[in-house]
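Asker: Pasting a structure here, questions to come.
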Amino acid sequence: MIKKYVLYLLFSLFSVAVIADQFSTPTDRVKDSVEKVIKVLKDKEIGREERWSRIGLVINDSFDFRSMSQSVLATNWKKATPEERQQFVVFFSQYLEDTYRTKIEAYTNQKVEYVGETIRGKRAVVETLIITDNTEIPVNYKLKNNDGNWFAYDVVIEGVSLVSNYRSTFAAIVKNDGMDGLLTDIQTRINKYKASQKTQPPTMDVNEDS
């Protein structure tokens with residue numbers, strides 16, 4: 001039930017075109033991105049595919065997928081060849097985009113409150129709360145500063161790290177089937193998602209504020 005309310009925000013940070021150096025703090029970066037993606041989701045003048053296009057085209061501009069991929073693979077990153085690393089970054093970013101697409105689109109007017117920020121050198125954590133009718137759900141964004149710009153590399157929902165969750169899942173696959181097996185597994189998941197989308201309705205409505 002909680003995922004129904006929070007996963008749409010999981011990529012709201014990563015999915016809006018922003019000029020990063022306009023924002024002096026990590027919170028400014030998160031707040032601007034969240035507000036812009038919500039604006040796109042509320043725009044009833046555009047169809048489902050165009051809505052996602054506006055969100056999805058700029059994911060790589062807002063999220064450090066290489067750092068996330070390195071953290072997810074952990075020691076397996078060092079063991080992988082340069083070609084395997086590159087392919088994993090591409091596949092993993094696509095897999096996350098596909099996995100959370102319908103969750104992002106399921107936005108139903110939850111509110112976001114920005115409650116804290118911690119900066120340690122080039123790393124930062126922005127603490128937020130997603131406010132529903134009867135629940136407050138903590139969602140923390142982890143960011144890193146790359147050449148003066150803040151990029152997200154992990155999201156922690158109610159104490160559960162996205163990176164840690166995938167790390168354990170993928171480590172088991174690599175242990176049994178190697179990096180080739182992991183890459184094949186992710187590609188299969190992507191293909192299944194694309195096939196399932198062909199049966200979905202072409203458009204969907206997004207609720208307005210009450």
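Asker: Looking at segment 68-88 only, could you name the residues that are at pLDDT 95 or above, more than 12 Å from ALA171 (Cα to Cα), of a type in the set (A, V, I, L, M, F, W, C) and under 22 Å from the mean Cα position of the chain (by Cα)?
Answerer: Within segment 68-88, PHE88 is the sole residue that qualifies.
Asker: Moving to a separate point now. Any idea which of (1) touching a helix residue (DSSP H, G or I) at 6+ places or on another chain (Cβ under 9 Å); (2) surrounded by fewer than 16 Cβ atoms within 10 Å (Cβ to Cβ); (3) at pLDDT 90 or above; (4) not polar (S, T, N, Q) is the one PHE91 doesn't satisfy?
Answerer: Unmet condition: (2).
Asker: On to the next question. Answer yes or no as to whether ASP32 is under 22 Å from GLN110 (Cα atoms), at pLDDT 65 or above and in a helix (DSSP H, G or I).
Answerer: yes
Asker: While we're on this one: Only one of (1) modelled with pLDDT of 90 or more; (2) within 23 Å of GLY121 (Cβ to Cβ) is not met by ASN176, so which one is it?
Answerer: Going through the list (1) modelled with pLDDT of 90 or more; (2) within 23 Å of GLY121 (Cβ to Cβ), ASN176 breaks only (2).
Asker: Within the bounds of segment 158-171, is there any residue that is at pLDDT below 95, over 18 Å from SER67 (Cβ atoms) and surrounded by 14 or more Cβ atoms within 10 Å (Cβ to Cβ)?
Answerer: no
Asker: State all residues of segment 127-144 that are part of a strand (DSSP E or B) and in contact (Cβ under 8 Å) with a residue 40 or more places away in the chain; if no residue qualifies, say none.
Answerer: Passing the criteria: THR128, ILE130, ILE137, VAL139, TYR141, LEU143, LYS144.
Asker: Answer with yes or no whether THR118 is part of a strand (DSSP E or B), polar (S, T, N, Q) and crowded, with 17+ Cβ neighbours inside 10 Å.
Answerer: For THR118, the condition - part of a strand (DSSP E or B), polar (S, T, N, Q) and crowded, with 17+ Cβ neighbours inside 10 Å - is not met.
Asker: Which members of segment 145-175 meet the condition of being touching an Asp or Glu at 6+ places or on another chain (Cβ under 9 Å), free of Cβ contacts under 8 Å to residues at least 40 places away in the same chain and of a type in the set (Gly, Ala, Ser)?
Answerer: Within segment 145-175, SER161, SER164 qualify.
Asker: Can you tell me which of (1) modelled with pLDDT of 90 or more; (2) over 28 Å from GLU127 (Cβ atoms) is the one ASN140 doesn't meet?
Answerer: (2)
Asker: Next up: Failed condition for ALA124, given (1) within 20 Å of PRO26 (Cβ to Cβ); (2) among the hydrophobic types (A, V, I, L, M, F, W, C); (3) in a helix (DSSP H, G or I), with all others met?
Answerer: It is condition (3) that ALA124 fails.
The values are calculated or read from the model by the stated rules, or taken from the named source; none is laboratory data. Since the structure is predicted, the reported quantities are computational estimates derived from the model, not experimental observations. Quick reminder, even Gly has a Cβ in these numbers, built from the backbone with ideal geometry, and neighbours come from all protein chains shown.
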